[in-house]
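Down below is the structure, laid out as structure tokens.
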Amino acid sequence: MKYRIIGILLFVLLIFINGCLESNDEKPNEEPNQKPIADISGINGRGILGFEISFIVTAEDPDGEVILFEWDFDGDGIYDWNSTTTGNTTYLYGMDGKFNATLRITDNDGDFSLFWKEIDITGRLPPSSFIGLESSIQDGDVIDGIVNITGIVWIESYDNISSMSYSLIQGIWIPISTINVTIDDETKECRWNITMDTSDYANDIYDLIFSIDLEQWGSHRYDIHYISINN
């Protein structure tokens, strides 16, 4: 009788354990959250003091959405700018030097990713007599063959100009003698043009720089454009 009772109890215990296992079905493994990704390769990492840098961002979240964009422009750990809709903005650096700009993007699950771009700011702020400049070359232009580049510079006084020049930042200089300049004393316009044979240079991406050297302020580079030569 004793063993019969023990057997019944063990049978009941086994049924109980089996029922517990069946009621505790395993949940399928959830996929881990994927972090947001961004492309900042369109940012020109070189600039001149006194001119804004354009920060261009393309971002996505593979399994959700990006809900916050933040920029730390000088790499000091403090985020200077933020937006819930875009990472595109501009920034004016107050000094020359190299800066490790940091982009932080956050997705709807709270995960974030960091991206870095070195920004190299050269030159000095234009003197107070410098008014402005226009050029027929724009950022991102692809040029080939014989190209005529024109522009206008406005300066209060041209008495102290020691030179004007065009250059490609990879060390290929176009001397002042190739630039044709006319100055209107009444409007303060300095019109210039230069003919450039792109076949003289390798197909590549360049920073095309127009510079004016003023004796009393030293060298000042006033205009820079990010271009491609593709012959």
- Item | Members of segment 45-68 that are in a loop (DSSP other than H, G, I, E, B), under 11 Å from the mean Cα position of the chain (by Cα) and at pLDDT 85 or above | I56, V57
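I'm trying to understand the selection: among the residues of segment 192-213, which are acidic (D, E) and modelled with pLDDT of 70 or more?
Selection gives D197, D200, D204, D207.
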- Counting only residues that are aromatic (F, W, Y) and more than 28 Å from P32 (Cα to Cα), segment 80-115 contains a total of 4
- Task: From E189, E156, grab the single residue that is at pLDDT 70 or above and outside the structural domain of G50 (by TED's automatic domain parsing).
- Result: E189
- Message: Quick check on G75: is it part of a loop (DSSP other than H, G, I, E, B) and closer than 14 Å to F112 by Cα?
- Response: no
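The values are calculated or read from the model by the stated rules, or taken from the named source; none is laboratory data. Since we're looking at a predicted model, the values are computed, not measured.
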